[in-house]
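**Q** Could you have a look at this structure, given as structure tokens, before my questions?
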Amino acid sequence: MIYDVRKLQFAYPGGKNIINDASFTLDEGEILNILGPNGAGKSTLFNCLANIRRPGSGQILLNGKPMEKMSVKEVAKVIGYVQQTHVAVFDYTVIYFVMMGRAASVGMFSKPKEEDRRIAMDALKTLGIDHLAERPYTAISGGERQMALIARALTQQPRAILLDEPTSHLDFGRSTLILELVRELKSRGYSVIMTTHDPNHAMLLGGKAALLDRQGILHVGPAEEVVTEENLRPLYRSELHIVDIPQLGRKACLSAGLKAI
Amino acid sequence: MKKTIALILALCMLLSFASCGAKTETAKTQEPAKTEAPADTKEDAKTETPAEPAKTEAAEPEKTTVTVVDSTGREVEVPKNPQRIVAGWGVKNYICMNINDLIVNEITDKFCLSLDPDLANGGSIKRDGNTTAEAIAELDPDVVVLKWNSKLIPQLEALGIPVLGLSIEDEAEMKHAIEMFGLAFGREDRAKEVLDYYDTLTAKAEELTKDIPESEKKTAIFLGQYVGSTAPDTTLQGLAIEQAGGINPAADFGRGELWAQGGMEKVMEWDPEYIFMANHLTSRDYTLESTIEDPANQDLTAVKNGHVYESPCEIDLWMYPTLSIKLGVLWMIHTMYPERLSDAELESIVLEFYKTIYGMDVTREQLGF
Amino acid sequence: MRLAEQSLPAGSTRAGRTPISAWIAGLTAALILIVLVCLCLGQYSMSVGETLHIMTAKAAGAEPDWKPMKENIIFFLRLPRIISAGLVGASLALSGSVYQGIFRNPLVSPDLLGVSSGACVGAALSILLNWDPVTTQFMAFGCGLLAVGLTLTIPRLLGSTSNIMLVLSGVIVSGLMGSFLGMIKYVADPKSQLQAITFWQMGSFASVRYPDILSVLLPMVIGFVVLLALSWWIDVLSMGETEAKLLGANFKPIRNAAVICASLLTASSVCMCGTISWVGLVIPHFARMLVGSHGTRYMPVSCLLGACFMIIVDTTARNISGMEVPISILTSLIGAPFYIALMRRRRGELQ
């Protein structure tokens, strides 16, 4: 088991619980989509899972070890984190940027070695951007940057990949490509946790889905069971419909046209 | 939240420093008055310390006064034969005027105190560490001596107290000051005595050096505040070299500047036979020892022959615009031309100087030259 | 799996870069050449030929056929100056590079956390109290480090040691030091002390001798060795605290170690020759322009460029006119327009 999350609780100082008693497990090759409205605590939960925040109470076991007892290096060898956006200050080359993923394995006063460079190149190849290796990171497109971020996460050689709303800045075509990539990662044995605004992603990817409702309760289960109209309507406060589309062989989550305000 | 606290903290610190600076300034913000205010104006718009109406209006009955010109050219009406003098600045320059008993304020200058320890018993002219007009006025002086650019001058004038502004940057100003004090303090005879004696020293120096042939003149430079800086002949120290019968190779280098920063290589190019440095420049970035021991300087003629000197002395400054400057010149003559002015002769002149000018019996050890 | 995409046109690609070893070798050669040339330049009239003859003959252990004064000038006056100028230039450039990386801001200089202003206060205090020049050097070094210590402590007291707190703290401490300096200048004797303080601030290598260099050699060596060894890690840190930690970097310990070492370098430099501005800001940019932004490449290059630059500036300062020109004036005159030119080139990137 890669992730064993037990009774997570989180509240901002002076506020009520945003996350109440959240628990789930995630194995290799499993995917978890976290859905939820803005401001419900989806990002906070995600940050707890990524070791960016400490939960108020509860425990996260990473590969069997309690995460709060692990050093940043140890955590980085298990979790590869892909953020939504990245602000580039310096124009490192893509390969140099991706090689930073080896930080957990590089000694205190050293630099990455040939072996590290090879791992980084392999990651670039996996994502099909190895031709950009010597380009400055600031001179590639948004989609290619997203690829580079994922490549960097892969370079850490982690067990789990965490993606924070990976499609939010991408166009329709690229979004689909990213989802295909995520599924590929899953099939290669990574545990994948993804936050998303769009219930369709959860339905396309399958696996597990989790809803964080406005009371802070986490509903986890197989995607087909969790992503239902009864669950989603109060969550998004919207008259949405889950529709079966035979021509495409899939279900979709759609709104029924626009209402007058 | 923490960021807000930090920002507020930063602003508070900035404001507190600004206000700190502001407080010490308000006591002194005053445009110097061009003319004296007549005795009955008590208005003092900008000073924090309120004027003391009762004391300042101690209506001076019409005294006989003397018109004196101070160092800045101001004409000041000073009461004849003043009995109460506040020596607010530069007292060392006029303690020779035999006015010890007339000084009413506390003197802290070590040299003056060594002459007359009683001077420490005067009244204080400071409040919270700063000299103030009010404190001076409380001592009820007949005349006050302050630095020429003191901001207290207009304040005191507004209180009807005559102030002499003093500046001693060169020999001319020094002589003028002695004359001024002679007139102001009712010590004209004494002033003449001092200046005459001073002139005899000048004459002595001239006499000793006037017939030194050019070819036998020694080259000498005066080092300035920083390593490799020298004194041109527009400075007191540079001039002293010539008055002592030496040749100053740095005479026209950087004329007009206080110290000419030419660098040690220039000094080495000139390679003078004598190197002098002034002991009153306490903020030098070198010392006598460091100059002599510096490996770079080992081939300098002056260093090789042991002719590197720091001007004396322990209790007085001999290379500074005071009456003692002539001692400095004579000392340099003795140093460069010992056959023309022997050690014993120099000693007797020096001891006579302190006796005549300051009434002081000092020993050579006390002076330290 | 290939994702066919349109990329933006390649900017300055630096693909097929010259290996960094070539740059370092080239710059080292340039440095040696500059040192030799500058040894031959000075106010004392000695021809270049004569200077070279003395140097080579001395190296060969030949009998001197020249005045000892000339030898002294070359080896005891010019050489220590050149060596210290090189060390200071390299130190400031490296410190600047490190700070620009850690604080993710190409516009910061080594004075960010208050070392220079603290050192000024130390030196000014020593001058005010009429202490000797050796003590002044020691006071400058000590107070510079104290100031940085204060900068590192204030965020701890406020409960947040993030980068922005550190920068804010640096601003506060620099301001505090500035106030102290103002107070010291106010009470200083205008006849000699005030001038001495101002002169010290403006920077000069005129009084540097071997003992001065030796006394700061250890902190400088520590600073150079540690920072150059950390050069890759500085780049990881430039990703920002959160991201660096996610990649597995111990952000705070590395940052604090880098700050301390950069402060050692800056304090050592300032106590040898006063405050010198612009070098720590401009040289890293120049180095990045030449070899790219990778710390492992541009930080060593920064050091060498800084050394070359500072030696040239100091030699100019002591030769361009009869009088010695204070160093800061020259670095400002050269640095500011150069910075403007840099800004113009990078206009596109900044937008």
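**Q** I'd like the distance between the alpha-carbon centres of segment B:217-250 and segment B:288-307, rounded to an integer number of Å.
**A** What the calculation gives is 17 Å, centre to centre.
**Q** On to the next question. Over what distance in Å are the Cα centres of segment B:91-106 and segment A:1-74 separated?
**A** That distance is 85 Å.
**Q** When we measure straight from the Cα of residue C:70, which aspartates and glutamates land under 18 angstrom away, once same-chain ones fewer than 8 places off are left out?
**A** Within the straight-line cut-off, residue C:70 pairs with B:265, B:269, B:271, B:273, B:293, B:294, B:299, C:50.
**Q** Then there's this: For residue A:260, put the label point 7 Å out on the Cα→Cβ axis and report which residues of segment A:232-251 keep their amide N under 19 Å from it.
**A** Within reach of a label on residue A:260: A:239.
**Q** Shifting gears a bit: If you average over every viewing direction, what projected area does the convex hull of the Cα atoms of segment B:212-367 give, in nm²?
**A** Over all viewing directions, segment B:212-367 projects a mean Cα-hull area of 9.1 nm².
**Q** Okay, moving on. Only bridges with both residues in segment B:53-193 count here: give the DSSP antiparallel percent, nearest 5.
**A** Bridges in segment B:53-193 that DSSP calls antiparallel: roughly 45 percent.
**Q** Each residue of segment A:213-220 in turn: what ³J(HN,Hα) in whole Hz from Karplus with 6.51, -1.76, 1.60 and θ = phi - 60°, glycine and Pro shown as x?
**A** Computed from phi, the couplings for segment A:213-220 are 8, 6, 9, x, 8, 9, 9, 10 Hz.
**Q** Further, regarding this structure: Given +1 on the Cβ of Lys and Arg, -1 on the Cβ of Asp and Glu, and no further charges, what dipole in debye does the protein assembly as shown carry about its Cα centre, rounded to the nearest 20?
**A** 6700 debye
**Q** Let me ask another. Using per-residue counts of other Cβ atoms within 10 Å, averaged over each peptide, order C:182-189, A:130-137 from highest down.
**A** Result, highest mean first: A:130-137, C:182-189.
**Q** Given the options C:331, C:161, C:151, which has the most mean-square fluctuation in a GNM of chain C, springs set between C-alpha atoms less than 10 angstrom apart?
**A** Comparing C:331, C:161, C:151 in the GNM, the peak value goes to C:161.
**Q** Shifting gears a bit: Can you compute the modelled spin-label distance between residue A:16 and residue C:105, with each label point 7 Å from Cα toward Cβ, in nm?
**A** In this crude label model, residue A:16 to residue C:105 measures out at 4.1 nm.
**Q** At 222 nm, what value in deg cm²/dmol follows for chain A if DSSP H runs of at least 4 each add -39500 (n - 2.57) and the sum is divided by all its residues, to the nearest 500?
**A** Calculated at 222 nm, the ellipticity per residue is -9000 deg cm²/dmol.
**Q** How large is ³J(HN,Hα) for each residue in segment B:295-303, as worked out from phi by the Karplus curve 6.51 cos²θ - 1.76 cosθ + 1.60 (θ = phi - 60°), to whole Hz, x for Gly and Pro?
**A** x, 5, 8, 5, 9, 5, 3, 4, 5
**Q** Can you work out the FRET efficiency for the pair residue C:289 and residue B:293, with r the C-beta to C-beta distance and R0 = 51 Å, to the nearest 0.05?
**A** About 0.65, to the nearest 0.05.
**Q** Right, here's the next one. Run the numbers for residue B:345 and residue B:252: contour at 0.36 nm per residue of separation, minus the present Cα-Cα distance, in nm.
**A** 30.2 nm
**Q** About its Cα centre, what dipole magnitude does chain C give when the only charges are +1 on Lys and Arg Cβ and -1 on Asp and Glu Cβ, stated in debye to the nearest 20?
**A** 740 debye
**Q** Related question: Here are some pairs, A:42/A:73; A:42/A:208; B:80/B:110; which of them have Cα atoms lying more than 27 Å apart in this structure?
**A** B:80/B:110
**Q** Same structure again: Hey, with R₀ at 41 Å, roughly what FRET efficiency would residue A:122 and residue C:162 work out to, going by the Cβ-Cβ distance, to 0.05?
**A** 0.70
**Q** Need the C-alpha centroid separation for segment A:242-259 versus segment C:240-300, integer Å.
**A** If we compute the Cα centre of each part, the gap is 55 Å.
**Q** If I require 24 Å or longer along the helix axis, counting alpha carbons, and a Kyte-Doolittle average no lower than 0.5, what helices from chain C are left? Use full DSSP H segments.
**A** Going by DSSP H runs, the hits are C:20-39, C:79-102, C:133-158, C:163-187, C:210-229, C:251-273, C:295-319, C:327-345.
**Q** Determine, from the Cβ-Cβ distance of residue A:134 and residue B:72 and an R0 of 60 Å, the FRET efficiency 1/(1 + (r/R0)^6), rounded to the nearest 0.05.
**A** The calculated FRET efficiency here is 0.20.
**Q** Which value in Å is the Kirkwood Rh of segment A:79-157 over different Cα pairs?
**A** 12.3 Å
**Q** While we're here: Could you give the angle, 0 to 90 degrees to the nearest 10, between helix A:114-126's Cα long axis and the longest principal axis of the Cα atoms of chain A?
**A** The two axes meet at around 40 degrees.
**Q** Which far-off residues, 5 or more places away or on another chain, put their amide H under 5 Å from the one on residue B:219, with H placed in the peptide plane?
**A** B:247, B:273, B:274
**Q** Here's something else I'd like to know. May I ask for the net charge around residue C:211, where only other residues with Cβ less than 14 Å from the Cβ of residue C:211 are counted and Lys, Arg are +1 while Asp, Glu are -1?
**A** -4
**Q** In segment C:67-340, if the dipole is taken from +1 on Lys/Arg beta carbons and -1 on Asp/Glu beta carbons about the Cα centre, which of C:239, C:293, C:159 is farthest to the positive end?
**A** C:293
**Q** Further question on the same structure: With each label point set 7 Å from Cα along the Cα-Cβ vector, what nm distance links residue C:131 and residue B:81?
**A** 5.5 nm
**Q** Next up: Output ³J(HN,Hα) for segment A:4-12: one whole-Hz value per residue in order, computed from phi by the Karplus curve 6.51 cos²θ - 1.76 cosθ + 1.60 with θ = phi - 60°, and x for Gly and Pro.
**A** 10, 9, 10, 6, 6, 9, 8, 9, 6
**Q** What are the semi-axes of the equivalent ellipsoid for the protein assembly as shown, taken as the square roots of 5 times the Cα gyration tensor eigenvalues, largest first, in whole Å?
**A** 76, 38, 20
**Q** Got a sec? Charge dipole of chain A, +1 on Cβ for Lys and Arg, -1 for Asp and Glu; which of A:15, A:1, A:243 is way out at the positive end?
**A** A:15
**Q** Where does the charge balance sit around residue C:254 when Lys and Arg score +1, Asp and Glu -1, over other residues with C-beta under 15 Å from its C-beta?
**A** My count for the surroundings of residue C:254 gives +3.
**Q** Sticking with this structure for a sec: Using Stokes-Einstein with the Kirkwood hydrodynamic radius over Cα pairs, what translational diffusion coefficient do you get for chain C at 4 °C and a viscosity of 1.567 mPa s, in µm²/s rounded to a whole number?
**A** 60 µm²/s
**Q** For residue C:47 and residue C:189, calculate 0.36 nm times their separation in residues minus their Cα-Cα distance, and state this gained length in nm to one decimal.
**A** 46.8 nm
**Q** Here's a follow-up. With a 10 Å cut-off between alpha carbons and a GNM built on chain C, which of C:111, C:212, C:132 moves the most?
**A** In this elastic network of chain C, the residue with the biggest mean-square fluctuation among C:111, C:212, C:132 is C:132.
**Q** Would you please give the residues with an amide H less than 5 Å from that of residue B:147, counting only those at least 5 places away or on a separate chain, with H modeled from the backbone geometry?
**A** Under 5 Å from the amide H of residue B:147 lie the amide H atoms of B:166, each far enough along the sequence or on another chain.
**Q** Once fully extended, how much extra length lies between residue A:245 and residue A:141, figured as 0.36 nm per residue of separation less the alpha-carbon to alpha-carbon distance?
**A** 34.1 nm
**Q** Long-range amide H contacts for residue A:93: which residues qualify at under 5 Å (H placed 1.01 Å from N, peptide plane, sequence gap of 5 or more or a different chain)?
**A** A:137
**Q** Okay, moving on. Over the whole of C:229-236, what's the average partner chain Cβ count within 10 Å per residue? Rounded to a whole number, please.
**A** 5
**Q** In deg cm²/dmol and to the nearest 500, what is the mean residue ellipticity at 222 nm of chain C if only DSSP H runs of at least 4 residues count, each as -39500 (n - 2.57), divided by the residue total?
**A** Counting only the DSSP helices, I get -24000 deg cm²/dmol.
**Q** Turning to a different aspect of this structure: Got a sec? How would B:112, C:273 order by Cβ neighbour count within 10 Å, fewest to most?
**A** B:112, C:273
**Q** Which one, C:142, C:315, C:110, projects farthest toward the positive side of the charge dipole computed for chain C from Cβ point charges (K/R +1, D/E -1)?
**A** C:110
**Q** Under a point-charge model restricted to the Cβ atoms of Lys and Arg (+1) and Asp and Glu (-1), what is the dipole moment magnitude of segment A:9-101 relative to its Cα centre, in debye to the nearest 20?
**A** In debye, rounded to 20, segment A:9-101 gives about 320.
**Q** Note down the relative contact order for segment C:175-325 as a percent, whole number, built from C-alpha pairs under 8 angstrom at least six residues apart.
**A** Computed value for segment C:175-325: 25 percent relative contact order.
Throughout, read-outs are computed from the coordinates displayed, never taken from laboratory work. What you are looking at is a predicted structure, and each value in this text was computed from that prediction instead of being measured. With ideal geometry, Cβ positions are generated from the backbone for all residues, glycine too; neighbour counts draw on all protein chains shown.
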